[in-house]
Amino acid sequence: GDGTARCTHVAFHPTQREVLLLGTANGLFRSTDRGRSWIEVGVPLAARQTVHFAFDPRQPDHLFLLTAGGLFEGNLSDGWWERRLAVLQAPEPLSEELTDPVEEPTDSIRQLTAVAVDLHAASTLYLADTRGLLRSLDGGRSWQRLSRIGLASASIRRLLPLTHSPTILYAATARGVARYDPGAERWTMLTYGQASVTVHDLAAAHRQLWAATDEG
């Protein structure tokens, strides 16, 4: 169908290694045979245009689905879905006194780009957009925009949570890879100079971090 071939995000189920979940511009799909065949997952009409999704680490069938219409919370087992954040209801940035003068994106419409679940506290969610990072401590019912101090670019494309104490977030940004420490509430840029290119996605393996960028 129209838009279904435009894939936006794919991931293995955390506990069922034969199961894959695929987000597209026209719906969410699941495979139980490692991608050989796909079945559409029933989601609300407003949640069909998938941008990104994240599994709950404690309940693997519990999913947070980020779409063009906002953030939805759902369950792959029973088909329950509920909207947690609408795009038009996204919080405004903090006052200028609390933010550093980073470059704002030129687009006037904020775009939601990634969602992540805290690995130690499932009720803590992180939501990235083209203006920085938001955090919810109550499962998505209320949101707070976090400081951008230390962040070279406010345009975040992907989030990667890794197990530390507390969870550490790595972000793919328009100016390289950034690391966010929730405990210190501080950003640190990990790439400088020629490495400060647009990063589109991140992955981790053992003690290595992989970044997909404009230059390789």
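Taking the numbered list (1) out of contact with any Pro (no Cβ under 9 Å at 6 or more places or on another chain); (2) open to solvent by 40 Å² or more (accessible area, probe 1.4 Å); (3) closer than 21 Å to A171 by Cβ in turn, F64 passes all entries but (2). Counting only residues that are under 18 Å from L112 (Cβ atoms) and open to solvent by 40 Å² or more (accessible area, probe 1.4 Å), give me the strands (runs of 3 or more DSSP E) lying completely in the range 1-60 with at least 1 of them. Correct list: 7-12. For the range 162-196, residues that are open to solvent by less than 50 Å² (accessible area, probe 1.4 Å), at pLDDT 90 or above and either of a type outside the set (D, E, K, R) or in contact with a helix residue (DSSP H, G or I) (Cβ under 7 Å, 6 or more places away or on another chain) (or both) total 14.
Going residue by residue through the range 147-155, is there one that turns out to be in contact (Cβ under 8 Å) with a residue 24 or more places away in the chain, surrounded by fewer than 22 Cβ atoms within 10 Å (Cβ to Cβ) and within 15 Å of L190 (Cβ to Cβ)? Yes, some residue in the range 147-155 is in contact (Cβ under 8 Å) with a residue 24 or more places away in the chain, surrounded by fewer than 22 Cβ atoms within 10 Å (Cβ to Cβ) and within 15 Å of L190 (Cβ to Cβ). Residues that are at positive phi, part of a loop (DSSP other than H, G, I, E, B) and in contact (Cβ under 8 Å) with a residue 24 or more places away in the chain within the range 158-208 comprise just one, E185.
In the set G69, G27, only one residue is touching a helix residue (DSSP H, G or I) at 6+ places or on another chain (Cβ under 7 Å) and at pLDDT below 95; that residue is G69. The set of residues in the range 124-144 that are on the phi < 0 side of the Ramachandran plot and either outside any strand (DSSP E or B) or touching a His at 6+ places or on another chain (Cβ under 7 Å) (or both) comprises T124, T130, R131, L137, D138, R141, S142, W143.
Of all residues in the range 145-157, those being among the hydrophobic types (A, V, I, L, M, F, W, C) and in a strand (DSSP E or B) number 1.
The values are calculated or read from the model by the stated rules, or taken from the named source; none is laboratory data. What you are looking at is a predicted structure, and each value in this text was computed from that prediction instead of being measured. For neighbour counting, all protein chains shown are included, and Cβ atoms are generated from backbone atoms with ideal geometry for every residue, glycine included. With ligands, DNA and RNA removed, areas are computed over all heavy atoms of the protein, side chains included. Shrake-Rupley method; radii C 1.70, N 1.55, O 1.52, S 1.80 Å.
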